[in-house]
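The values are calculated or read from the model by the stated rules, or taken from the named source; none is laboratory data. Note that the structure is a prediction, hence the values are computed from the model and not measured. Here Cβ is always computed from backbone atoms with ideal geometry, including for glycine, and neighbour counts include all displayed protein chains.
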Amino acid sequence: MKRLTIEIGDDLAALLELAAPGRSRRRSDFIRRAIRKALWELEERKTADAYARQPDTLDAFVDGGVWERPTGAATEDDSCGG
């Protein structure tokens, strides 16, 4: 694990102390979860932006047959005798 040292303002430190007191050993877990959540939200925003720039076609969105393999269709694995 990497150890990070950060500086935060007094107001943020006071709120952090209320949410996850330093003496309770919950603080590190709280901060790790907050970082994961923030990174996940960034990824979600990137995905939403990508879809806004290039949306799925209506056919692909409404008709699963556009992207699903037909039942009984052979795959590359099937041809290997596996």
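What is the number of the single condition among (1) loosely packed, with under 10 Cβ neighbours inside 10 Å; (2) at pLDDT below 85 that PHE61 does not meet? Among (1) loosely packed, with under 10 Cβ neighbours inside 10 Å; (2) at pLDDT below 85, PHE61 violates only (1).
Yes/no matrix, rows are residues, columns are (1) assigned to a loop (DSSP other than H, G, I, E, B); (2) modelled with pLDDT of 90 or more:
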residue	(1), (2)
LEU12	no, yes
LEU18	no, yes
ALA34	no, yes
LEU39	no, yes
GLU43	no, yes
ALA48	no, yes
ALA52	no, no
PRO55	yes, no
ALA73	yes, no
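For MET1, the conditions (1) surrounded by 10 or more Cβ atoms within 10 Å (Cβ to Cβ); (2) modelled with pLDDT of 75 or more all hold with the exception of (1).
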